[in-house]
1. Provide the FRET efficiency to the nearest 0.05 for the L358-E406 pair, computing r from the beta carbons and using R0 = 60 Å.
2. Which whole-number percent is the relative contact order of the range 223-382 (Cα, under 8 Å, 6+ apart)?
3. Taking the chain as a Gaussian network, Cα atoms linked when under 10 Å apart, which of L202, L295, L95 shows the biggest mean-square fluctuation?
4. What does a probe at K145 reach in the range 329-359, counting residues whose amide N is under 19 Å from the point 7 Å along Cα→Cβ?
5. Efficiency by 1/(1 + (r/R0)^6): what FRET value for Y58 and Y157, r their Cβ-Cβ distance, R0 = 22 Å, to the nearest 0.05?
6. What ranking of V3, V265 emerges when the number of other C-beta atoms within 10 Å of each C-beta is taken as an exposure proxy, fewest first?
7. How high is the relative contact order of the chain, given as a whole-number percent (alpha carbon pairs under 8 Å, six or more residues apart)?
8. What distance in nm lies between label points placed 7 Å from Cα along the C-beta direction at N79 and N278?
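Derivation of every value follows stated rules applied to the coordinates shown; laboratory data play no part. Being a predicted model, the structure only gives us computed values, none of them experimental. Here the Cβ is made from the backbone with ideal geometry for all residues, glycine too, and neighbour counts use every protein chain on show.
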Amino acid sequence: MKVLQINTTVNTGSTGKIAEEVGKLLLIDGDESIVAFGREGNSSESEKIAIGTKIDFYTHILKTRLFDRHGFGSYQATNKLISSIEKLNPDMIHLHNIHGYYLNIEILFSFLKKFNKPIVWTLHDCWAFTGHCAHFEDIGCVKWKTHCNNCPKVKRYPSSWFIDNSFSNFSDKRRLFTSSNIHIVVPSRWLSNLVSESFLGLFPTTVIYNGVDTTIFNPLSDAEDTFRGYVRGRKVILGVSNVWQKSKGIDDFISLSKIISKDYVIVLIGMSPEQKGNLPENIVGISRTESPMQLAKWYTKATAFLNPTWSDNFPTTNIEALSCGTPVVTYNTGGSPEAIDHKTGFVVERGDVEGMWLAIQQIEKKGRDFYMDICRKRALKYFNKEDRYQEYINLYQSLLKEYRGE
């Protein structure tokens, strides 16, 4: 079979890497894999199709900022993509993140309605069924259940400077997205429940957890010496994010730094140069890395991995930590708690910084070695990438058989 995946990026970030891993499995099976993307990332084993130019990208951003019409720019770029799809004639199209200033959903979904072949759509956030935002849990908004309007996050991604068009956006998304025959995939039971309450609830929905490369993310024996200059003999509390902002818990880490003992240092990976220059003495900021091996060493070094996220779906960082044998402490946010059980970590309520510190102390009492094998076994059982992404291949095959009447 020939499968076309569409995503914001190629082989970078969580969504880009998921598409890459699915593509690899297709190629191993002798199938064809193509990835169409809005922004270049890393090299890919799949055939690549770039969508749009920098001019398209920045024009779409301007349309979003001025008119709050994210997803309704990129006319020329999307029409070119449609022409490419018609030439490729794939057996199936798999959508990932279609927001990100690179696609016109009116043009795309008008084409998909006529495409008349299986379409899989993996929702990595909530943007598909809201009038504006990608996440709403941090503010407890439930307007998406009926009809978005007067969006309280209009100045957040994808931010609009002046206009709130959330009512029209919601109406247009509902009209466009429910006109095609789609099979939805979500990476958490939490998001599956939300989808069932939204206008996308009419579609079949499958939960497929994200996976990690457990051969790379594993307890590494040389991690201790690698970062001695950073930690100077202190125990490590680790946080990892592509971008550090309030919704990812940066303020909570700052608060935590004020109450932890002197035996600990907080290490935050993914910090910008400006952020690194404004950290307390007991927080070490490290730039984002594309090296999984480097990350694995930090996970292995950490006493605990902390994820005080205020809005999330199913963070891959949690399962990377588990795979390295490191227990996880997370806020009770989205699907984040689904990565762990009572043996492999702790769940605390959002904003409970003291609760996080108590959880870390509980982990220290038993010792990291106590958790290492249990965490590792959970990762191998539930989050091994070959097992999880094979579920996509199985889904493709099932949908194609149904489509062909076999």
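1. 0.60
2. Values: 291 pairs, mean separation 34.5, N = 160.
Contact order relative to length: 22 percent.
3. Ranking L202, L295, L95 by mean-square fluctuation puts L202 first.
4. Of the residues in the range 329-359, 333-335 have backbone N under 19 Å from the label point off K145.
5. Numbers: r = 16 Å, r/R0 = 0.72.
About 0.85, to the nearest 0.05.
6. Values: V3 24, V265 20.
Least crowded to most crowded, the residues run V265, V3.
7. Working: 835 pairs, mean separation 55.8, N = 406.
It rounds to 14 percent for the chain.
8. Between N79 and N278, the label points sit 4.4 nm apart.
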